[in-house]
Amino acid sequence: MSTAPMTETAGSPTTRVVKLPLWGLLALFTAAFTAVMTELLPAGLLPQMSGSLRVSEGRVGFLVTGYAAASFLSAIPLTTALRGLPRRPVLVGALVGFGLCNAVTAFSSSYGLTFAARLLAGAMGGTLWAMLAGYAARMVPAERRGRAIAIVLAGITVALSLGVPAGTALATVFGWRAGFASLAGLGVVLVAWVRWMVPDFPGEPAAERVPLRRTAAMPGIPTVLAITLLLLLGHHVMYTYMAPFAEHSGFGRTSLVLFVFGIATVAGIWIVGMLIDRRPRSTLLGALALVAAAMFTLGLFADAPAVLLIAVALWGAAFGGAPTLLQTALVDISGPANADVATSLQATVYNVGIAAGSLAGGVVLESSGAGAGALPWTALALVAAALATVAAARRHAFPATRRPTH
């Protein structure tokens, strides 16, 4: 059984109200939540997993690295290879893969077997991230596309702000294996949910497929990818090293700072969901300007705890909605039929931005005479470059009003 992609109320074509297929979108939301939890949960369980697997905490950390590397390397080739298949079986296959990998992780006492399961999970993640935005776009009419994508991608934010801390707390009480067993159980429920509430869509016929290089060269797509890279670089230069920056500012309570950031991202997703289908360009410009203002404030006034927390909250709210704005722009340019391939390019850029931003922040931290105090200024330069690029891109990437393809 599957739901219809959308439901229309009675009325004239110009006044009809289209109800979102909420339960289907929430299934995709949960898929995003599960993927983030699968990727990041080991980071909160280093001591427990280290003892059970009889390896160092650093090698447990490589379980996150291996997942990310597999996701980075697999997103484009797997998406390209699978684009001709019906969409729901591919989605279900990725979710089954997550469930199996989490089950193996929960019961394995071998580091090698656990690492292999993490590599397979990373490949599933690369496939899933390339699908989610395009799937959401197909489930709704074009004029509601932005809000649908916002609902699905909110799963990332909820996982980061609430899921990972809750999973870590669960593991503290019941053991780390319980966390992965819970994710495996959630995977079983999610597969049934997707088969029941998420409609299937045909794959792309070979004769109609736009080659990868042509998709990447569509007017506007290189601009969106460049802005994605600049924003992720700037964000992770700062976010990765919040602990030393909080110490540098004299506040030191990193957990509180990250909690404020996480809660603010939830608010940011909600605000963007309200605005994205009406004012996408001005919303993105406002979000980037707010991130830049927060970095400027952190550079000058972080030694005042109230200012620090307010700036971090504004940064979180602005950054929380930015990925939705960028992915919606990408889907609008490529069209839903090519969205999986376009999004696989963006997923690759995301991983490059995360890795390079973390590396750049570490270099700044170690080599700058100002230490952690130089981080917000480095981030500000990158975010300002992203803001200037959006301001200059009017025709294809970020028009004043959305002109979504059908």
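The values are calculated or read from the model by the stated rules, or taken from the named source; none is laboratory data. The structure displayed is predicted, hence computed values, not measured ones. Note: ideal-geometry Cβ built from the backbone for every residue, glycine included; neighbour counts use all protein chains shown.
A few comments on the model shown:
- Any hit, the range 161-184, residues being over 26 Å from residue 239 (Cα atoms), part of a helix (DSSP H, G or I) and among the hydroxyl-bearing types (Ser, Thr, Tyr): yes
- Test: residue in the range 199-207 that is surrounded by fewer than 14 Cβ atoms within 10 Å (Cβ to Cβ), under 17 Å from residue 337 (Cβ atoms), touching a residue at least 24 places away in the same chain (Cβ under 8 Å) and among the small types (Gly, Ala, Ser): yes
- When each of 153, 162 is tested for being crowded, with 20+ Cβ neighbours inside 10 Å and touching a residue at least 24 places away in the same chain (Cβ under 8 Å), the lone residue that passes is 153.
- Within the range 106-150, tally of residues that are basic (Lys, Arg), surrounded by fewer than 24 Cβ atoms within 10 Å (Cβ to Cβ) and either closer than 21 Å to residue 54 by Cβ or in contact with a His (Cβ under 6 Å, 6 or more places away or on another chain) (or both): 0
- Exactly one residue out of 364, 307, 349 is modelled with pLDDT of 90 or more, of a type outside the set (Asp, Glu) and in contact with a helix residue (DSSP H, G or I) (Cβ under 8 Å, 6 or more places away or on another chain): that is 307.
- Flag for residue 111 being closer than 25 Å to residue 272 by Cα, among the aromatic types (Phe, Trp, Tyr) and either within 17 Å of the chain's Cα centre (by Cα) or assigned by TED's automatic domain parsing to the domain that holds residue 191 (or both): no
- Filter result for residue 307 (surrounded by fewer than 17 Cβ atoms within 10 Å (Cβ to Cβ), β-branched (Val, Ile, Thr), assigned by TED's automatic domain parsing to the domain that holds residue 218 and out of contact with any Gly (no Cβ under 8 Å at 6 or more places or on another chain)): yes
- Scope the range 246-264; condition among the small types (Gly, Ala, Ser) and part of a helix (DSSP H, G or I); matching residues: 246, 249, 255, 262, 264
- Residue satisfying all of: in the range 160-189; among the β-branched types (Val, Ile, Thr) and more than 21 Å from the chain's Cα centre (by Cα); nearest to residue 104 (Cα to Cα) among these: 188
- Qualifying residue in the range 81-88 (condition: surrounded by 17 or more Cβ atoms within 10 Å (Cβ to Cβ), within 23 Å of residue 266 (Cβ to Cβ) and touching a residue at least 24 places away in the same chain (Cβ under 8 Å)): no
- The sole residue among 267, 293, 287, 243 that is assigned to a helix (DSSP H, G or I), among the hydrophobic types (A, V, I, L, M, F, W, C) and surrounded by 19 or more Cβ atoms within 10 Å (Cβ to Cβ) is 287.
Residues are listed down the side, and each one gets a yes or a no for (1) free of Cβ contacts under 8 Å to residues at least 60 places away in the same chain; (2) closer than 21 Å to residue 345 by Cα; (3) touching a strand residue (DSSP E or B) at 6+ places or on another chain (Cβ under 6 Å):
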{"residue": "184", "(1), (2), (3)": "no, no, no"}
{"residue": "213", "(1), (2), (3)": "yes, yes, no"}
{"residue": "220", "(1), (2), (3)": "no, yes, no"}
{"residue": "243", "(1), (2), (3)": "yes, no, no"}
{"residue": "254", "(1), (2), (3)": "yes, no, no"}
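- Residue 103 out of contact with any Leu (no Cβ under 7 Å at 6 or more places or on another chain), at pLDDT 85 or above and surrounded by fewer than 19 Cβ atoms within 10 Å (Cβ to Cβ): yes
Quick grid of which residues meet (1) surrounded by fewer than 24 Cβ atoms within 10 Å (Cβ to Cβ); (2) among the hydrophobic types (A, V, I, L, M, F, W, C); (3) assigned by TED's automatic domain parsing to the domain that holds residue 224; (4) more than 12 Å from the chain's Cα centre (by Cα):
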residue	(1), (2), (3), (4)
319	no, yes, yes, no
322	no, yes, yes, no
326	no, yes, yes, no
340	no, no, yes, yes
351	yes, no, yes, no
355	yes, yes, yes, yes
358	yes, no, yes, yes
365	yes, yes, yes, yes
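- Filter pass, residue 157 being modelled with pLDDT under 85, within 16 Å of residue 29 (Cβ to Cβ) and part of a helix (DSSP H, G or I): yes
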